[in-house]
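Read through the structure below, which is laid out as structure tokens, and then see the notes.
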Amino acid sequence: MESETKLIGEDIHERVASMYEKMLQKPEVAEALDLLDQLSDNIRYHNKGHTLDVLRETILFAIADGVDKEVVEQVSISAAWHDVGYIRQYENNEPVAVELFKQSRAFQNISEEQRNEIIANILDTRMVIVDNNPHLLQSGSKYGYVLDGDVSNFGREDYFDKRMQVAEELGLDLSDANLRRKFYEFAIKLLENHEWKTSSGRNLRQTQKKINLRIMREELERV
């Protein structure tokens, strides 16, 4: 966090912290966070803690890029709702999150333009498999802050802790060398195919992402 503060400046760091606390109190955000309390304990990665992390990172990237306050608030709502579908089902959960959002008080409180962008944000967090290669594609949303916030740990030192949480969530026994190799190969492909959608995401996270990829390739060689 100290190095991040040096990159963005103390003023922006304080604004991010202030906006994060403000967004936690925003009814449209709080409603989604309350729903996430219904998540199963077996959801080790895509849990409420993950959503709070995505919310903070989304705010960070948006403020660092200097967008309007209205946009920061809109992408914050998107971040809060993006994984709510996990309370109903694991696979293809994004359309479920959209349906829950449409049934919410939050949906009634905002403009049609905001609704459409938030729905696009949620759907854009889907992983798309093309020729057995995983991709994260921005296809419908105007702003990429939620997409970058969702995978911000790709470019952070805690990436490997998060990767282990994903393995636990999937019930993978990584003591099995063949399974571990497949899991590592998939993770490497995902990071190799990934591109930051925002200038701030690239500026703040790309350097560590390259380091993480190098470590991952070295890990794979040792399996």
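The values are calculated or read from the model by the stated rules, or taken from the named source; none is laboratory data. Computed from a prediction, not measured in an experiment: that's the story for all the values here. As a convention, Cβ positions derive from the backbone with ideal geometry for all residues, glycine included, and neighbour counts pool all protein chains shown.
Consider residue 183 carefully, then state whether it is of a type in the set (A, V, I, L, M, F, W, C) and under 28 Å from residue 80 (Cβ atoms). Walk me through how you get there before you give the answer.
Details: of a type in the set (A, V, I, L, M, F, W, C): yes; under 28 Å from residue 80 (Cβ atoms): no.
It is false that residue 183 is of a type in the set (A, V, I, L, M, F, W, C) and under 28 Å from residue 80 (Cβ atoms).
Considering only segment 179-223, state which residues are closer than 30 Å to residue 62 by Cα and assigned to a loop (DSSP other than H, G, I, E, B).
In the first step, residues of segment 179-223 are kept if they are closer than 30 Å to residue 62 by Cα; the result is 186-216.
Result: 194, 195, 196, 197, 198.
Quick one: which of 133, 116 is out of contact with any Leu (no Cβ under 7 Å at 6 or more places or on another chain) and modelled with pLDDT under 95?
Values: 116 fails: modelled with pLDDT under 95.
Criteria check complete, one pass: 133.
Can you tell me which residue is surrounded by the fewest Cβ atoms within 10 Å (Cβ to Cβ) among those in segment 18-59 that are in contact (Cβ under 8 Å) with a residue 40 or more places away in the chain, part of a helix (DSSP H, G or I) and polar (S, T, N, Q)?
Selected residue: 38.
Would you check if residue 74 is part of a helix (DSSP H, G or I) and over 26 Å from residue 216 (Cα atoms)?
Working: part of a helix (DSSP H, G or I): yes; over 26 Å from residue 216 (Cα atoms): yes.
Here the answer is yes, as residue 74 does meet what is asked.
With a cut-off of at least 2 residues that are closer than 20 Å to residue 204 by Cα, touching a residue at least 40 places away in the same chain (Cβ under 8 Å) and within 16 Å of the chain's Cα centre (by Cα), name the helices (runs of 4 or more DSSP H) lying wholly within segment 78-158.
Numbers: elements: 93-102, 105-109, 112-124, 145-150.
Where helices (runs of 4 or more DSSP H) fall fully within segment 78-158 and carry at least 2 residues being closer than 20 Å to residue 204 by Cα, touching a residue at least 40 places away in the same chain (Cβ under 8 Å) and within 16 Å of the chain's Cα centre (by Cα), they are 145-150.
Just the residues that are closer than 26 Å to residue 157 by Cα and within 16 Å of the chain's Cα centre (by Cα), please, taken from segment 1-32.
Matches in segment 1-32: 20 only.
Scan segment 189-211 and give yes if some residue there is more than 20 Å from the chain's Cα centre (by Cα), more than 14 Å from residue 159 (Cα to Cα) and surrounded by fewer than 18 Cβ atoms within 10 Å (Cβ to Cβ), otherwise no.
no
Out of curiosity, is residue 15 surrounded by 14 or more Cβ atoms within 10 Å (Cβ to Cβ), outside any helix (DSSP H, G or I) and charged (D, E, K, R)?
So residue 15 does not fit the description; no.
What is the number of the single condition among (1) in a helix (DSSP H, G or I); (2) without any contact (Cβ under 8 Å) to a residue 12 or more places away in the chain; (3) surrounded by 14 or more Cβ atoms within 10 Å (Cβ to Cβ); (4) more than 15 Å from the chain's Cα centre (by Cα) that residue 167 does not meet?
(2)
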